[in-house]
Amino acid sequence: MQTELIEECLETGIITPARMRAVDRNAIALGVTGLQLMESAGRALADMARAANPQRVLVLCGKGNNGGDGMVAARHLQRGVETDVCHLDSGKRSSSCEHQLAALKRCRVGLHPFQCRDDLEVMGSLFEHADVIIDALLGIGATGSPKEPLTSCIAMANSSRAQIIAADIPTPGMRADRICAFHRAKVEGSDVIDIGIPFEAECCVGPGDLTLLPGRGRKAHKGIGGEVLVIGGGPYQGAPYLAGLGALRAGADIVRIASPVFEPIPDLIYERLDGERIGEEHLERLMILATRADVVICGNGLGPDSHAVMLAIAPFCKKAVIDADALRLPLPVAKNETLYTPHAGEFARITGIRLSDDTRERALAAKGAGIQGTVLLKGNTDIITDGNRIRFNRTGDPAMTVGGTGDV
C-alpha cells in the first residue's frame, strides 16, 4: 500500500471485540504469529506494571489468550520484582496460553493454580501484599457473567490495596485503575499500546473478516440462513441467475429470481414476471416479494428501461444490493441498508467522476462521492467505503474479466 494511503485509511477510537478478533486473525495471515502478538502485549503489560515501582506483583490468569498475555508479563517481571501468578487450572487452556505456562514454569515466579474458591482463600496473603495486580482473567472473548471461582478471585482483587491493571479489557466486575489496551481501545479510558499489528490487517479484508459472519448451529432450520430476492433479467437472461447462485454459495437458504426470463436451475425458485421487460405492471408482485426477503439484489441484466420500477421497489427492501443497470440516477435507496457495487464505468455514470488506475485516488474518490450507503467499487483492488471508513479487497484475479463474475 502507498504511504499516503496508509495515513488516510488509519482508523482510531473504540474497536469492538469482534472486529479486534478479525484484525488479529488478519495479522496472523500476514505473517505475524499469535505468539508474537502475545509477546508484545505481555511486554507492554509488564512495562505498565513496572512503571508503578512495585515490590510485589500478582498476575491473575485465565485459560485463554488473555491469560497468556498475563503469563508473558510475569516472565518479563521475574527480574527485580517479586512476582506471583494465580492461574485458573480447570478446563482446557488455549494452545498459546499452554505454551506460555510451560515457559513460565522455568522462571523465577511463584505459580499458584486454583480450581475453586477454597484454593483462592489459601492465597489470601498474595492479594493482601500485592502492590500491583494484573487482571488477565477473561479478555475480549468473554461472554456472560463470570462464575466461581472467578467471582471470588474478582472480589479478593477488588478488596486489596493494589493498583489493578487490566489486560486489554477489564474482567466484568473487576475494578481497573489502568487499562493496557493492545492496538486499539475496547473501552473508554484505556492506555493504547502498539503491539506491531500490520496496518494492512485492518485496512484490507482477509480471513479474519470471515469470523464476523454468524455461525450456523446444529439445530438450524430452513430459512435461518436468510432469504434473498434477485430482481433482474429481460435483456440479459443469465445475470440474475448467476447472482442467485452466488447468494446460495455465500450461505443463503432460499433464493428467488423475479424475472421475465426462465433458466432451469432447480436450486433457485423462479418467480415468473410476464412480458419481456420488468415494468410497472409487476410492481405489486415485486413489493410483496421484496417485503418478505432479508436482502434484495436489484439490477442484474435489467436493461435501462426498468429504472423507475427499481426506485419504487427499494423502500420496501429491508436491505438491498444495487448493481448493474440499477446503478442509475437517482439511486434506489433501501429501508435499512444499501450496498452499491459499481465498476469504474457505472461509478462514472452515477457520480460523473472518471477514475484513474491509481488506488489511492480511486479510494478517495469513492469515499468522497457523497453516496448514502456502502460502496463496493470493483477493480483490480476493490474499494469498500461507507463515506467514513475505507477497506480494500485484494483477492481479484485476471480470470474475473469474464462476463458475469461481477454478478456472482
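The values are calculated or read from the model by the stated rules, or taken from the named source; none is laboratory data. In this text, all values refer to a predicted model and were calculated from it rather than measured experimentally. Cβ atoms come from the backbone with ideal geometry, glycine included; neighbour counts cover every protein chain shown. The protein model used for the area step is the full one, side chains on, heavy atoms only, and it has no ligands, DNA or RNA in it. Shrake-Rupley method; radii C 1.70, N 1.55, O 1.52, S 1.80 Å.
Sub-7 Å Cβ pairs linking a first residue in region 188-214 that is closer than 26 Å to I383 by Cα and open to solvent by less than 30 Å² (accessible area, probe 1.4 Å) to a second residue that is at pLDDT 95 or above and part of a loop (DSSP other than H, G, I, E, B), at least 6 apart or interchain, are I197/V32; I197/H183; A201/L30, ordered by first then second residue. The set of residues from region 236-255 being in a helix (DSSP H, G or I) and of a type in the set (S, T, Y) comprises just one member, Y241. Among the residues here, A73 does not qualify as among the hydrophobic types (A, V, I, L, M, F, W, C) and more than 20 Å from L150 (Cβ to Cβ).
State yes or no: is H112 closer than 21 Å to I28 by Cβ and touching a residue at least 24 places away in the same chain (Cβ under 8 Å)?
No: the conditions fail for H112.
Note on region 6-30: residues that are open to solvent by less than 30 Å² (accessible area, probe 1.4 Å) and part of a loop (DSSP other than H, G, I, E, B) total 1. Contact annotation: residue pairs with Cβ atoms under 7 Å, 6 or more positions apart or on different chains, pairing a residue in region 361-389 that is more than 17 Å from I322 (Cα to Cα) with a partner that is surrounded by fewer than 16 Cβ atoms within 10 Å (Cβ to Cβ) and among the basic types (K, R), are T381/R394. Scanning region 367-392 for residues that are open to solvent by less than 30 Å² (accessible area, probe 1.4 Å) and assigned to a strand (DSSP E or B) yields V375, L377, D382, I383, T385, I390, F392. Looking only at residues in region 153-176 that are assigned to a helix (DSSP H, G or I) and in contact with a Phe, Trp or Tyr (Cβ under 9 Å, 6 or more places away or on another chain), which one is nearest to G67 (Cα to Cα)? Among those that are assigned to a helix (DSSP H, G or I) and in contact with a Phe, Trp or Tyr (Cβ under 9 Å, 6 or more places away or on another chain), it is C153. Go over the candidates R354, R349 one by one and state the one that is surrounded by fewer than 18 Cβ atoms within 10 Å (Cβ to Cβ), of a type in the set (K, R) and under 14 Å from L329 (Cβ atoms). Step by step, each of R354, R349 is checked, and only R349 is surrounded by fewer than 18 Cβ atoms within 10 Å (Cβ to Cβ), of a type in the set (K, R) and under 14 Å from L329 (Cβ atoms). Please tell me if H76 is touching a residue at least 12 places away in the same chain (Cβ under 8 Å), touching a helix residue (DSSP H, G or I) at 6+ places or on another chain (Cβ under 6 Å), of a type outside the set (D, E, K, R) and open to solvent by 10 Å² or more (accessible area, probe 1.4 Å). In short, yes. The test for being touching a helix residue (DSSP H, G or I) at 6+ places or on another chain (Cβ under 6 Å) and either at negative phi or buried (at least 24 other Cβ atoms within 10 Å of the Cβ) (or both) holds for A41. Within region 325-344, no residue satisfies the criterion of being part of a loop (DSSP other than H, G, I, E, B), open to solvent by 40 Å² or more (accessible area, probe 1.4 Å), closer than 19 Å to N393 by Cβ and touching a strand residue (DSSP E or B) at 6+ places or on another chain (Cβ under 7 Å).
For region 268-283, the set of residues classified as part of a helix (DSSP H, G or I) and either open to solvent by 60 Å² or more (accessible area, probe 1.4 Å) or polar (S, T, N, Q) (or both) consists of E280, E281, listed by residue number.
For region 220-253, the set of residues classified as within 17 Å of G403 (Cβ to Cβ), open to solvent by less than 50 Å² (accessible area, probe 1.4 Å) and under 26 Å from the mean Cα position of the chain (by Cα) consists of A243, G244, G246, listed by residue number.
Among the residues of region 345-353, some residue qualifies, meaning at least one is at pLDDT 95 or above, in a loop (DSSP other than H, G, I, E, B) and either of a type in the set (S, T, N, Q) or closer than 23 Å to P304 by Cα (or both).
For region 284-305, a residue qualifies if it is part of a loop (DSSP other than H, G, I, E, B), in contact with a Gly (Cβ under 8 Å, 6 or more places away or on another chain) and open to solvent by less than 50 Å² (accessible area, probe 1.4 Å), and the qualifying residues are G299, N300, G301, L302, G303. Scanning region 141-167 for residues that are buried (at least 20 other Cβ atoms within 10 Å of the Cβ) and within 31 Å of the chain's Cα centre (by Cα) yields L150, I154, I164, I165, A166, A167.
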